[in-house]
Amino acid sequence: MNIRKKISLSLMIITLCFSVLAGCGGDSAEVKVKVGEVTRSVFYAPEYVALSQNFFKDEGLAVELQTIPGGDKTMTALLSGAIDVALVGSETSIYVFQQGADDPVINFAQLTQRDGTFLFARKPDADFKWDKLKGSTFLGQRKGGMPQMAGAFTLQQKGIDSGKDLMLIQNIDFANIAGAFASGTGDYVQLFEPTASIFEREKRGGVVASFGLESGYLPYTVFMSKQSYISKNSDTVQKYTNAIQRAQLWVKAHSPEEIADAILPYFEKTDRDIVISSVKRYKEQDTYAVNPVIDDKEWNNLLDVMDNAGELKDRVPAAKIVNNSFAEKAEASIK
């Protein structure tokens, strides 16, 4: 509105009342929070639970969720101000920090605490041993992303040199990896759920191992914002974290069937039994974090995984780009 235009005092008061987040007369308007997730995945079940069970709304937040495929695109949206909060791999915040950002990206609430990918073989193999990968063609994930780094870390721990012991393919976009395997590329592939369950039902092979179990606990997917946003909106960030903590406890306390029913509106094209299978697999291996706190052991494991992949210039202390104050307060107050 052109401030030089003459408007009546009453109209000005009404305009101000609707433009601020706290309404007139003591009624509080919801605070809008624009959130970008790196992909739509059952892996992020607690996020959708927070939405479907109105945990964000209970905190006075109106969350606008959009999916922005790719960690680089999600981070670009966050840095440009197109979104307020990003749900993405914590490695992206390290990449930004390594570039010397004046306004660093801060991790404030962990959602998942394990890698979410599984090793899928073209044929089911109840007696799988990691040595069977030697001499095979392995369809892996994009270089520099957490799935690829967790995969490489696991292979190294199993004594497999991905540069010598197998043919590694990692030049296929994330969205096209499953399709490439389905069309005949690779003996093994690294898949997220629900694709792994869908492929099993279609008898394209079977899950033979979990990269999440093998690579250990780490802050795999985290809610993060720019330091400037957190400084200006600390109350909003606290409320957001509270909602996530409530959702994490809800997921812990409920069955895969109940969780599937809560998140199905976000997976309209996926059969209920597939969502149940996916959630069950993640719950069984303790993938969903039960609180938003990023502890030092998890952070150091993340640095080990990145260092093994050659993606770490220096070991970035958690204190530089992790703010646990919101998560710790949420954990202490929400039971």
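The values are calculated or read from the model by the stated rules, or taken from the named source; none is laboratory data. All values reported here derive from a predicted model rather than from experimental measurement. Cβ: placed from backbone, ideal geometry, glycine included. Neighbour counts: every protein chain shown. Side chains are part of the model used for accessible areas, which takes the heavy atoms of the whole protein and leaves out ligands, DNA and RNA. Shrake-Rupley method; radii C 1.70, N 1.55, O 1.52, S 1.80 Å.
Observations on the model:
- For the chain, the solvent-accessible area with a 1.4 angstrom probe is 47 square angstrom per residue.
- Quotient of C-alpha Rg and 2.2 N^0.38 Å, computed over segment 182-335: 1.21
- Ratio of the Cα radius of gyration of the chain to 2.2 N^0.38 Å, where N counts its residues: 1.08
- Straight-distance candidates among the lysines for linking to LYS313, with alpha-carbon spacing under 17 Å and chain neighbours fewer than 8 residues away dropped: LYS143.
- Between ASP307 and TRP130, full extension at 0.36 nm per residue minus the direct alpha carbon distance yields a gain of 61.5 nm.
- Distance violations [Cα-Cα > 19 Å] among LYS123/LYS203; LYS134/LYS158; LYS34/LYS57; LYS57/LYS252; LYS34/LYS329: LYS57/LYS252; LYS34/LYS329
- Taking Cβ atoms as reference points and 10 Å as the exclusive limit, the residues near THR287 contribute a net charge of -1, counting Lys and Arg as +1 and Asp and Glu as -1.
- DSSP beta bridge pairing in the chain, given as percent antiparallel to the nearest 5: 55
- Among 170-176, 302-308, the order from most to least packed when residues are scored by Cβ within 10 Å on average: 302-308, 170-176
- Selection from SER41, ALA289, GLY81 lying farthest towards where the dipole of the chain points positive, charges on Cβ: GLY81
- Taking 0.36 nm per residue of separation and subtracting the current Cα-Cα distance, fully stretching the chain between ALA319 and MET167 would add 50.8 nm.
- Kyte-Doolittle mean at least 0.5, axial Cα span of 30 Å or more - DSSP H helices of the chain: none
- Once backbone amide H atoms are built at 1.01 Å from N, VAL31 has LEU61, ALA62 as its partners under 5 Å, excluding neighbours fewer than 5 places away on the same chain.
- Percent accessible area from carbon and sulfur atoms, the chain, protein chains only, probe 1.4 Å: 50
- Residues whose amide H comes within less than 5 Å of that of LEU111, counting only those at least five positions distant or on another chain, are THR221, VAL222, PHE223 (H built at 1.01 Å from N in the peptide plane).
- In summary, the aspartates and glutamates within cross-link reach of LYS129, defined as a Cα separation below 18 angstrom excluding same-chain residues under 8 places away, comprise ASP161, ASP165, ASP187, GLU214.
- Taking all Cα pairs closer than 8 Å and separated by 6 or more residues, the relative contact order of the chain comes to 26 percent.
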